[in-house]
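Here is the structure we will look at, set down as structure tokens.
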Amino acid sequence: MNKLILGDCLEVLKKIETETIDLVYIDPPFFSNRNYEIVWGDKGEIRSFKDRWSGGVDQYISWLKERVQEMYRLLKPTGSIFLHCDWHASHYIKAYVLDKLFGYDNFRGEIAWQRHNAHNDAKKKLAVLKDSIFYYTKNGTFSYNPIYIGLSDEYKNNFYRYEDEKGIFRLSDLTAPNINKNDKEWRGFHPQKSNRHWAIPTSAIFDIVGEAQAKELTTIEKLDLLFENDLIQVSKTGIPSFKRYLDNSKGALLGDIWTDIKNVQSQAKEKIGYPTQKPEALLERIIKMASNEGDTVLDCFMGGGTTIAVADKLKRNWIGIDQSEQAYKVTKLRLQKNNAIFEMIQEEIIQTL
Ligand SMILES: C[S@@+](CC[C@H](N)C(=O)[O-])C[C@H]1O[C@@H](n2cnc3c(N)ncnc32)[C@H](O)[C@@H]1O
């Protein structure tokens with residue numbers, strides 16, 4: 001059963017059973033030395049949380065590490081964590097918390113999420129336009145669904161420069177660096193002459209004859225097959241290239257710079273009036289990328305409940321925790337609007353989860 005819990009993150013995490021969580025996303029205080037406040041609604045209700053640390057960055061890091069250590073314990077062996085932070089402490093968090101607990105080799109990326117456009121008020125330093133979201137897995141085997149995004153107009157104009165009766169296409173290599181001694185010449189072209197070997201797109205062959213039959217074909221037979229299907233163009237100098245049609249393109253594989261998701265705007269429908277609320281599109285992307293339907297998602301700094309509201313819509317199970325009564329209340333209303341089914345629990349009464 002999905003759980004909305006009011007309580008301190010550490011105390012609640014200690015009561016959750018080991019290796020029961022598939023995905024953790026957290027957006028904890030960033031060591032910003034600020035208090036965040038929003039006055040919300042006609043009655044002027046103050047929704048707030050504090051991010052001040054009298055003991056400096058050392059105190060902040062040891063506070064965070066203690067909690068992330070519990071999250072590590074809770075993750076299944078195939079699980080992942082996304083830790084959202086910014087320049088105030090991101091380098092300390094990578095070196096002293098995540099590399100130490102998850103291991104340097106289990107670092108899967110640092111997402112630079114561009115949340116702001118240019119600021120004109122940064123006089124003596126560069127304007128800060130991004131947050132960092134660290135992505136680590138518990139092990140080398142983990143749930144990962146690659147995400148493809150639309151190709152930019154610039155990319156399309158630069159690469160998709162050809163057109164025939166089947167549509168717009170670009171040309172890609174049918175060879176790759178280094179010689180394969182078993183390669184043979186095809187239609188007067190031998191890749192060995194340019195220190196290369198044949199590299200044929202297997203998915204194109206599967207599309208034509210299916211996976212089982214594709215395995216029976218030699219390289220030359222595959223090239224013939226592509227040629228017969230009008231998927232190879234030979235240049236005047238005799239170099240064959242593969243024709244990749246724009247209509248068949250999945251888009252570009254998502255990398256670590258995310259510029260296409262806007263911060264929650266003041267008039268946005270999803271705005272619920274919680275300070276530093278993150279956009280649903282950001283969480284949707286993370287949850288889809290690193291979990292599957294029926295998996296369990298945990299956010300123990302849930303704030304206005306963005307992670308769990310999105311997890312619920314995407315048919316994941318979830319646990320949301322926050323120590324703030326306002327966060328608990330705001331999230332409850334948000335989930336009720338979505339007709340989510342969940343139980344509400346207070347830390348004091350939890351024995352084990
Ligand atoms: C940056 S906000 C999270 C915003 C959230 N991602 C959203 O989209 O609305 C951080 C939250 O962490 C909570 N928090 C801070 N310290 C906590 C602790 N020790 N245990 C549980 N929650 C805590 C604060 O109450 C605040 O709601």
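Quick one: how many residues across the stretch 39-64 are surrounded by fewer than 17 Cβ atoms within 10 Å (Cβ to Cβ) and either away from the ligand (no atom under 12 Å from the Cβ) or closer than 17 Å to Met302 by Cβ (or both)?
The total comes to 16.
Just checking: which of the helices (runs of 4 or more DSSP H) contained wholly in the stretch 266-353 hold 3 or more residues that are near the ligand (Cβ under 10 Å from one of its atoms) and in contact with a helix residue (DSSP H, G or I) (Cβ under 7 Å, 6 or more places away or on another chain)?
Working: elements: 280-290, 306-313, 325-337.
Helices (runs of 4 or more DSSP H) meeting the threshold: 306-313.
In the stretch 77-92, which residues are of a type outside the set (Phe, Trp, Tyr) and in a strand (DSSP E or B)?
Scanning the stretch 77-92 gives Pro77, Thr78, Gly79, Ser80, Ile81, Leu83, His84, Cys85.
May I ask you to verify whether Thr352 is within 26 Å of the chain's Cα centre (by Cα) and either surrounded by fewer than 24 Cβ atoms within 10 Å (Cβ to Cβ) or among the polar types (S, T, N, Q) (or both)?
In short, no.
Return yes or no: is Thr259 more than 23 Å from Phe30 (Cα to Cα), touching a residue at least 40 places away in the same chain (Cβ under 8 Å) and of a type in the set (Ser, Thr, Tyr)?
no
If you scan the stretch 114-137, which residues turn out to be out of contact with any strand residue (DSSP E or B) (no Cβ under 6 Å at 6 or more places or on another chain) and in contact (Cβ under 8 Å) with a residue 60 or more places away in the chain?
His116
Restricting the stretch 111-137 to residues that are of a type in the set (D, E, K, R) and part of a strand (DSSP E or B), which is surrounded by the fewest Cβ atoms within 10 Å (Cβ to Cβ)?
For the stretch 111-137, the residue satisfying everything is Lys130.
Looking at Leu75, is it crowded, with 16+ Cβ neighbours inside 10 Å and within 16 Å of the ligand (Cβ to nearest atom)?
When the stated conditions are applied, Leu75 does not pass them.
If Gly140 meets every condition in (1) in contact (Cβ under 8 Å) with a residue 40 or more places away in the chain; (2) surrounded by fewer than 16 Cβ atoms within 10 Å (Cβ to Cβ); (3) part of a loop (DSSP other than H, G, I, E, B) apart from one, which number is that one?
Answer for Gly140: the failing condition is (1).
No value in this document is a laboratory result; all are computed from the given coordinates. Treat the numbers as computed from the prediction; the structure is a model and nothing was measured. Note that each Cβ is placed from the backbone with ideal geometry, even for glycine, and that neighbours are counted across all protein chains shown.
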